[in-house]
Amino acid sequence: MSERTERARQAYEAYETSDRELIESLLADDLTFYAPPDPGIDRETYFERCWPAAGHSRSFEIVRLIEDGDEVIITYEGARDDGAHFRNTEIMTFRGDQIVKIEVYFGWDL
């Protein structure tokens, strides 16, 4: 496993355990985050809007993990605390060992 794929896995671990220190170490200061409700938000806004969901997912099972150059593509199935299951795909772009861009594609309920 490469350093980048390991760091991508750690991002999901941070969400499962609400480990803000870990996620902050993974994200570049100039992070840009893209998702349908949040197109192109910065790191500060990411922590305001997205981080509060941390700790509300019981697990993330990675079903696809592909590294291509500076990008890591991850498809995962998650389980929320309320029992709901979902499937998303994300593309994380790295600069060095930090994530500089995240694109999230979601909408599958399982």
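The values are calculated or read from the model by the stated rules, or taken from the named source; none is laboratory data. Keep in mind that what you see is a predicted model, and the values were worked out from it rather than measured. Cβ: placed from backbone, ideal geometry, glycine included. Neighbour counts: every protein chain shown.
Kindly indicate whether Ala35 is within 13 Å of Val104 (Cβ to Cβ) and hydrophobic (A, V, I, L, M, F, W, C).
Working: within 13 Å of Val104 (Cβ to Cβ): yes; hydrophobic (A, V, I, L, M, F, W, C): yes.
In short, yes.
Return the residue satisfying two criteria in turn: it lies in segment 82-92 and is farther than 15 Å from Tyr12 by Cα and not small (Gly, Ala, Ser), and of such residues it is surrounded by the fewest Cβ atoms within 10 Å (Cβ to Cβ). Reasoning before the result, please.
Step one: of segment 82-92, the residues farther than 15 Å from Tyr12 by Cα are 82-85.
When the remaining residues are screened for being not small (Gly, Ala, Ser), the result is 82, 85.
Numbers: Asp82: 7, His85: 14.
Ranking the candidates gives Asp82 first.
Leu110: in contact with a helix residue (DSSP H, G or I) (Cβ under 8 Å, 6 or more places away or on another chain) and of a type outside the set (Phe, Trp, Tyr), yes or no?
On the way: in contact with a helix residue (DSSP H, G or I) (Cβ under 8 Å, 6 or more places away or on another chain): no; of a type outside the set (Phe, Trp, Tyr): yes.
It is false that Leu110 is in contact with a helix residue (DSSP H, G or I) (Cβ under 8 Å, 6 or more places away or on another chain) and of a type outside the set (Phe, Trp, Tyr).
Would you confirm, using the coordinates I've provided, whether Ile66 is free of Cβ contacts under 8 Å to residues at least 12 places away in the same chain and aliphatic (A, V, I, L, M)?
On the way: free of Cβ contacts under 8 Å to residues at least 12 places away in the same chain: yes; aliphatic (A, V, I, L, M): yes.
Taking the combined requirement at face value, the residue satisfies it.
Helices (runs of 4 or more DSSP H) wholly in segment 1-78 with at least 3 residues that are closer than 19 Å to Gly96 by Cβ - which ones? First the steps, then the outcome.
Details: elements: 3-17, 20-26, 43-49.
Output list reads 3-17, 20-26.
When segment 79-90 is examined, which residues are found to be assigned to a strand (DSSP E or B), out of contact with any Lys or Arg (no Cβ under 8 Å at 6 or more places or on another chain) and not acidic (Asp, Glu)? Give the derivation first.
Initial filter on segment 79-90 (assigned to a strand (DSSP E or B)): 79-80, 85-90.
Keeping just the survivors that are out of contact with any Lys or Arg (no Cβ under 8 Å at 6 or more places or on another chain) gives 85, 87-88, 90.
Answer for segment 79-90, where residues must be assigned to a strand (DSSP E or B), out of contact with any Lys or Arg (no Cβ under 8 Å at 6 or more places or on another chain) and not acidic (Asp, Glu): His85, Arg87, Asn88.
If Ala8 passes every condition in (1) closer than 14 Å to Met92 by Cβ; (2) in contact with a helix residue (DSSP H, G or I) (Cβ under 7 Å, 6 or more places away or on another chain) but one, which one does it miss?
In the conditions (1) closer than 14 Å to Met92 by Cβ; (2) in contact with a helix residue (DSSP H, G or I) (Cβ under 7 Å, 6 or more places away or on another chain), Ala8 misses (2) alone.
Filtering segment 57-75 down to residues that are at pLDDT below 95 and surrounded by 15 or more Cβ atoms within 10 Å (Cβ to Cβ), which residue is nearest to Pro37 (Cα to Cα)?
Ser57
Provide a single number: the residues in segment 4-18 that are more than 11 Å from the chain's Cα centre (by Cα) and at pLDDT 95 or above.
Selection size over segment 4-18: 3.
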